[in-house]
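Here is the structure we will look at.
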Amino acid sequence: MLYAAPEHPPGSRGETRRPRLRVLDGLRLLAALMVLAYHYITLRDGWGGDPTAFSPVVYHLSEYGWLGVEVFFLISGFVICMSAWGRSLGDFVTSRVSRLYPAYWVAVLLTAAVLTVWPNVRSADNWETVLTNLTMLQQGLGVPDVDDAYWTLFIELKFYLLFAIVVFRGVTYRRCVLFCGLWTVAGVVALKSNSDLLSVWAIAPYSPYFIAGIAFYLMHRFRPTVLLWAIVAISFLLAQHYLRGRLVMNLGAKADLAQGWPVRLAVLLAFALMAAIALGWFDKLQWRWLSTAGSLTYPLYLLHMYVGFTLIDLLRSRVPAAVLLPGIVVFMLALSWVVHRYVERPLGRKIRVAMQKSVEEMRFHSRGKMSGTLPAKQREIVREERKPDPELLH
């Protein structure tokens, strides 16, 4: 996913193309490492019990690493609004499919293979489950995830589908604000409506982060206004409402012993950092390595959990924990780079080109310009124009 802001229209803060927001790349990797720390240090999986090889400070800090998911959702609202601006619905769908699925397919198959060969921590269930997981729609069908980290992907997909309504109509300032308002109301009403359908799509515990992200992007693209700050403030207050439940969800019985204020402070800092990005404070931060770091985030998130747990289980009796943990982190980063470089980029490019041609085919025939109604010479021209460009396929 590229974080280059589109050109600003008249009335925005500038007429020239704004620089790539590399700070978002770095923030994405930080969020992934937070989740990784929570899984590898706080959870028992792989260690056989509560990890004891780490200092109490490191252990208790890692208990809050699950908040990286909330940071992901904040960034997603910002970036999806940015990447969808000026695009058609077909272009939007093409970009999402080509971005999400290549690394995901590898992660599902690799994780299933590891859990099949070494079912010490968890088994791969059955191959019907694995095949269903390849659709990324398993939660809607009541099928378990091959890897528990995948639960956030279904939340993202629902956001994409909802925002696709805006894309279909054409992304504008007014429509984005209206979308934010309607989704906020839906989240509040869903709590008392007793409607499963509304609850599924309102996604009340997480929608405030996406909504705030959209408002932050509107600030960045145009300028801050009282209306946009109000959307952010309401989203922040609603997000706070759900944090206790999220703490219990992630720490279980240990939630009563954990402090609640670090959770609220972390969310406040995340909102403050996104506000600084929206106001352009980090526009001049152009370290190229941040883009490389950001490119590792998605494969790292997909691969790290049960592959990492399995490695911990296999090696914990032979390698000191203080050496094993950083070693596994480095290995997972290297594996993520391999997946990004040799799978995600080339396969994503091929899928994007193929889908673009498919969308163009659909548009061509939907306009009623069926090739059978054209003279023979024109049909030949059409066939030549629609042949795949060999350069685009490599």
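Here are a few things to note about the model shown:
- Extended-chain gain in nm, criterion 0.36 nm per residue less alpha-carbon gap, Leu265 and Ala253: 2.1 nm
- Comparing His340, His60, His220 in a Gaussian network model of the chain (Cα springs below 10 Å), the most mobile by mean-square fluctuation is His60.
- Within the chain, longest stretch clear of exposed chymotrypsin sites (Phe, Trp or Tyr not before Pro) (DSSP loop, no more than 15 other Cβ within 10 Å): 1-221
- Entry note, the range 72-185: relative contact order of 31 percent, from Cα contacts under 8 Å with a spacing of 6+ residues.
- Contour excess over end-to-end distance, with Cα ends at Val330 and Trp287 and 0.36 nm allotted per residue: 13.4 nm
- Relative contact order of the range 168-245, defined on C-alpha pairs under 8 angstrom at six or more residues apart (%): 29 percent
- Taking the chain and dividing mean pair separation by its residue count, relative contact order in percent (alpha carbons under 8 Å, at least six apart): 26 percent
- Leu89/Leu141 FRET efficiency (R0 25 Å; Cβ-Cβ; nearest 0.05): 0.50
- Solvent-accessible heavy-atom area per residue, rounded to whole Å², over the chain at 1.4 Å: 49 Å²
- Nonpolar atom fraction for the chain, defined as the carbon and sulfur part of the 1.4 Å probe accessible area, stands at 66 percent.
- Simple point charges give the picture: +1 on the Cβ of Lys and Arg, -1 on the Cβ of Asp and Glu, and for the chain a dipole about the Cα centre of about 1340 debye.
- Selected from Pro208, Pro224, Pro320 as most flexible by GNM, with the chain as the system and alpha-carbon contacts under 10 Å: Pro320
- Accessible area in the full protein assembly, largest first, 1.4 Å probe, for Thr310, Thr116, Thr132: Thr116, Thr132, Thr310
- In the elastic network of the chain, a GNM with C-alpha springs shorter than 10 Å, the most mobile of Leu178, Leu29, Leu21 is Leu178.
- Ranking Leu110, His304, Phe282 by Cα position along the charge dipole of the chain, where only Lys, Arg, Asp and Glu carry charges on their C-beta atoms, puts Phe282 farthest toward the positive end.
- Screening the chain for whole DSSP H helices with an alpha carbon extent of at least 24 angstrom along the helix axis and a mean Kyte-Doolittle hydropathy of at least 1.0 yields 89-117, 151-169, 173-193, 226-251, 261-278, 321-339.
- Length gained on full extension, Ser55 to Arg318, computed as 0.36 nm times the residue gap minus the Cα-Cα distance: 92.6 nm.
- Paramagnetic label zone (point 7 Å from Cα along Cα-to-C-beta, Trp118; backbone N under 14 Å) in the range 276-316: 304-316
The values are calculated or read from the model by the stated rules, or taken from the named source; none is laboratory data. Remember, predicted model here, so these are calculated numbers, not experimental data. Note that we place each Cβ from the backbone using ideal geometry, even for glycine, and neighbour counts take in every protein chain shown. We work out accessible area using only protein heavy atoms, side chains counted, and drop any ligands, DNA or RNA first. Shrake-Rupley method; radii C 1.70, N 1.55, O 1.52, S 1.80 Å.
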